[in-house]
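The values are calculated or read from the model by the stated rules, or taken from the named source; none is laboratory data. Fair warning: this is a prediction, and the values are worked out from it, not measured in the lab. As a convention, Cβ positions derive from the backbone with ideal geometry for all residues, glycine included, and neighbour counts pool all protein chains shown.
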Amino acid sequence: MRTVWSMNMLRKPKTKGFTIIELLVVISIIAVLAAIINATVNGARRSANTAKSKIKLKQISEWMQLWSGNNDDRVLPSQFDFVEEAAAGSAIAVRNNPGLNFYPGDDDDNPYDLLNRGQYVGTWADILWTENNLAQAFGAMRLLDFDQTKIDDAYGSDITPVGLWETDSPDIYPTEPVIFEVYEDFEHPFRSTFENTRGPAKGLPGFFAANDFFDARSNIDRDPFGEATSQVDWYYTNSMIKAPSRSVYLVDSVAGETISNEPEPWEYALEYIDDMQILNPDSDTLGEVDFRYGGSTMLLMLDGSIKKERTWTELGPPDPPPTGADQSLYGRGIRVDNLDSR
């Protein structure tokens, strides 16, 4: 019996492929899913880093309380100058490296205040760093990794900055870039997990700045013009502060470890777009507060609580109108100055 083959039997079966439109649809779906996943991952990372910054602030608060307990209930000073005390024979542990006097401009903690700090002169961070032996705890007790010839060119011969970080919290120039280059994973206990968004230290881990209402330096130490006469250092005790839960001790800053309690550094005039991106982060502004957490900044209050606040335009009047009528920082019930007054 003869089999008759038809043309249909001889054809290969057709395989259906994707059309251009179908491929574009699939690619679009993948792109949307990738964007969602990326946004979720970035959001989770931001949340985790924000939580780490809060943990750091909590740890600083605990160290502050320990220091206060060992120092007659004094509030940890934002700045100190122990030069006269050292000259009188007192044993000063903090910032006692003599090399600090040779290159104070390169170890500045705040380039905005025009103050170069030498031996026995420093900030709250230096006190906590030294008191808690953080140089050893954080692996920074070491020689600076500088080329000695460069040091000789910059400062003259016979200057060897040995153990600078033993009694000095790593600052900006040139210490900070070096420590983050030497220790790529270095977790500075007095820096945010977010970077400074602007200023001289843009791109480095953000500063926590202490309110200079708690500056313990005498009038002579503070006076750049040599007109003051008082040599008395001034400390506040915790009992002197009328509303600790409303009193700022630390705030996120782009300008170093201290911030003046005058209005100007607390002003903020930078423009944002809808997603809280700064239009011109390098624009000239007197403001030092850094709203680095998606348009918010964190404040460590004197009672140990932490507040997260959105941008404000100014510090505000000392006696603001009822809450809601004034959106300055003072209008939100937060105080920076006159903390010992009701």
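Descriptive notes on the structure:
- Residue count for region 1-53, restricted to those that are at pLDDT 65 or above, of a type in the set (S, T, N, Q) and outside any helix (DSSP H, G or I): 1.
- Residues of region 107-118 include at least one that is surrounded by 14 or more Cβ atoms within 10 Å (Cβ to Cβ) and at pLDDT 75 or above.
- Qualifying position, being loosely packed, with under 10 Cβ neighbours inside 10 Å and of a type in the set (V, I, T), among I20, I60: I20
- Among (1) in contact with a Pro (Cβ under 9 Å, 6 or more places away or on another chain); (2) modelled with pLDDT under 70, the one test that K202 misses: (2)
- Of the residues making up region 243-270, just one is farther than 16 Å from G316 by Cβ, among the small types (G, A, S) and in contact with a Gly (Cβ under 7 Å, 6 or more places away or on another chain), namely A255.
- Residue in region 175-185 that is at pLDDT 90 or above and buried (at least 21 other Cβ atoms within 10 Å of the Cβ) present: no
- Considering residues of region 28-57 that are among the hydroxyl-bearing types (S, T, Y) and either in contact with a strand residue (DSSP E or B) (Cβ under 9 Å, 6 or more places away or on another chain) or closer than 16 Å to S305 by Cα (or both) only, the residue surrounded by the fewest Cβ atoms within 10 Å (Cβ to Cβ): T50
- Options N280, N338: the member that is modelled with pLDDT of 90 or more, assigned to a loop (DSSP other than H, G, I, E, B), surrounded by fewer than 22 Cβ atoms within 10 Å (Cβ to Cβ) and among the polar types (S, T, N, Q): N338
- Test result for Y268, farther than 29 Å from N133 by Cβ, among the aromatic types (F, W, Y) and either modelled with pLDDT of 95 or more or part of a loop (DSSP other than H, G, I, E, B) (or both): yes
- Any pair with Cβ under 6 angstrom, 6 or more apart, that starts in region 191-219 at a residue that is closer than 16 Å to Q59 by Cβ and ends at one that is crowded, with 21+ Cβ neighbours inside 10 Å and of a type in the set (V, I, T): A210/T258
- Among the residues listed as I159, I172, I151, the single one being at pLDDT below 60 and under 29 Å from E262 (Cβ atoms): I172
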